[in-house]
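Worksheet: one structure, shown below.
Values in this text are rule-based calculations from the coordinates and carry no lab data. The shown structure was predicted, so the numbers you read here are calculated from the model rather than taken from an experiment. Every residue, glycine as well, gets a Cβ built from its backbone with ideal geometry; the counts of neighbours run over all protein chains shown.
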Amino acid sequence: MAPDNPGLDLFPRESGTGSGESEGARPAPPDPRPGTTPPAPLAARMRPRDLSEIRGQDHLLGPGRPLRRMLEDGRISSCILWGPPGTGKTSLARLLADLTEAAFVSFSAVTEGVARVREIIGEARTRLQVSGRSTILFCDEIHRFNKSQQDAFLPHVEDGTVILVGATTENPSFEVNRPLLSRAPVFILNPLSEAALQEVLDTALHDGERGLGDLGLTISPEAMDFLVRGADGDARRALGALEVAGRLVGPDRCITLTVAQEALQHRFALYDKGGEEHYNLISALHKSVRGGDPDGALYWLARMLEGGADPLYIARRVVRMAVEDVGLADAGGLPGAVAAWQAYHFLGSPEGDLALAHAVVRLATAEKSNRVYRAFGRAREAARESASAPVPLHLRNAPTREMKDWGYGKDYRYDPDEPGGLARQSYLPSGLEHLRLYEPTNRGEEADLRRRLKRWDDIRREGGGAEPRGSGGSRDQEPVAPDGHPSESGG
């Protein structure tokens, strides 16, 4: 979609001055000193000028690593750069163009559309034919294009008209179509470590050309630690907070912890309600509960709540944990989880958050059993395979005289009236009498259930009634776990 202002050319042509392409050396940054034209933001001024200034991505740019080899060979191929905000995706794309002397055209999937892509492709084709110069088309937020729009790149990537460098904060395996992924390998950029972020801030603090070096600032170790931790691996955020802190200092020109806290204001947890991180966090919470780690469960619960997750969504997932992983080993787990959901619904935040914490600790410390979960899966499979098996006559409902005459309900034995409260009859269709679906564990409350079911099997056997379920094995031995696994709870 073209810009609303026809006079604003976001992507100037190759001829003339003010080109939007990289032509090798970068123009001098604005003078950051007081009294001059207001400079660009500190994060823009401190953008890396060469590979040595990129921090935290040694797994891609260290000796012998993939991107380093690509640059050393002088052959840049299309690729996707995937990583959180502030990890250097745009900077790296610009450096790829600089180091290969390719034209660099930036394009945002947020503000532009396929029509602009076609225009850029036409310019790139002409450039290649006239000068032999390649074009790196940098598509920021490439995941904002739908799958059919992404197809517009394919033929031009294949024939070498453009080298596509896409940047995304979303998992490309979900957001980028398969044909494009097969032509553009994914390079993963990591959040910057605390050590890398401290290097970035130290450099900006002492750089008199592009940074804050001519302001005479100092920073306390506590303030530095706070800014580094508060940036959550985002160099842009760290530099933005440092720049604000530099304007808030007192006459002593020292950035104290109080100043740093005021500059950062609020630390937003890394969380995207609709993206991959949402499913990563709920998966971590579920697996911590399943693994019996209340500390891990509380941590991931807090991460989700602090990041803005819907508490009622979490409550629903906690109920699922109770039925999937705790099961009948602790029959109070499900009522407790439902009670936590109701308590949150009644109280809201922040009081109701404690009810969720209560529930996840209860479930994390409970005995675990997924036998009902697995049994129901096997029951579904058996039901599909025997969908036409008739209900035995003695189990059928007989509300009319005609149905009774046809044998419906005949010979049914009412269990409460039988000796021991147990009738000697089968409750499964003909041919499935030996089917065993639920196999309790020897843990928690299920150990009692296991003994009870074995006793009932013995009564049926002694009474000469229907052969007990699972006659090929005994309930006093732990059964071999069936195939299949509980869900990974990733979404």
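General observations
- Coupling constants for the stretch 110-118 follow from the phi torsions by the Karplus curve (6.51 cos²θ - 1.76 cosθ + 1.60, θ = phi - 60°), and in residue order they are 6, 10, 10, x, 5, 4, 5, 4, 4 Hz; glycine and proline get x.
- Cα centroids of the stretch 221-248 and the stretch 53-130: 28 Å apart.
- Per-residue extension of 0.36 nm, minus the Cα-Cα distance of Asp293 and Arg144, leaves a gain of 49.8 nm for this segment.
- Phi-derived couplings, Karplus 6.51 cos²θ - 1.76 cosθ + 1.60 at θ = phi - 60°, listed residue by residue for the stretch 92-99: 5, 4, 5, 5, 4, 5, 4, 6 Hz, with x used for Gly and Pro.
- Qualifying trypsin sites (Lys or Arg not before Pro) in the stretch 55-91, where qualification requires a DSSP coil assignment and no more than 16 other C-beta atoms within 10 Å, comprise Arg75.
- Amide H partners (placed H, <5 Å) of Phe104, local residues excluded: Ser22, Ile136
- Computed FRET value (nearest 0.05) for Trp456 with Arg401, which takes r as the C-beta separation and R₀ as 25 Å: 0.15
- Neighbourhood charge, 14 Å Cβ-Cβ cut-off, centred on Val372 and excluding it, Lys, Arg +1 and Asp, Glu -1: +2
- Each label point was placed 7 Å from the Cα along the Cα-to-Cβ direction; for Asp207 and Gln129 their separation is 4.1 nm.
- Relative contact order, whole percent, for the stretch 276-364 stands at 34, derived from Cα pairs under 8 Å and 6 or more residues apart.
- Here the dipole of the stretch 37-121 is about 160 debye; that uses its Cα centre as origin and unit charges on the Cβ of Lys and Arg (positive) and Asp and Glu (negative).
- Sparse-neighbourhood loop sites, trypsin sites (Lys or Arg not before Pro) in the stretch 299-392 - DSSP loop, at most 16 other Cβ within 10 angstrom: none
- Ranked list, fewest to most other Cβ atoms within 10 Å of each Cβ, for Asp330, Asp293: Asp293, Asp330
- Sorted by Cβ density within 10 Å, fewest first, the residues Leu363, Leu42: Leu42, Leu363
- Footprinting exposure proxy ranking of Val176, Val326, Val249, Val338, fewest other C-beta atoms within 10 angstrom first, gives Val338, Val249, Val176, Val326.
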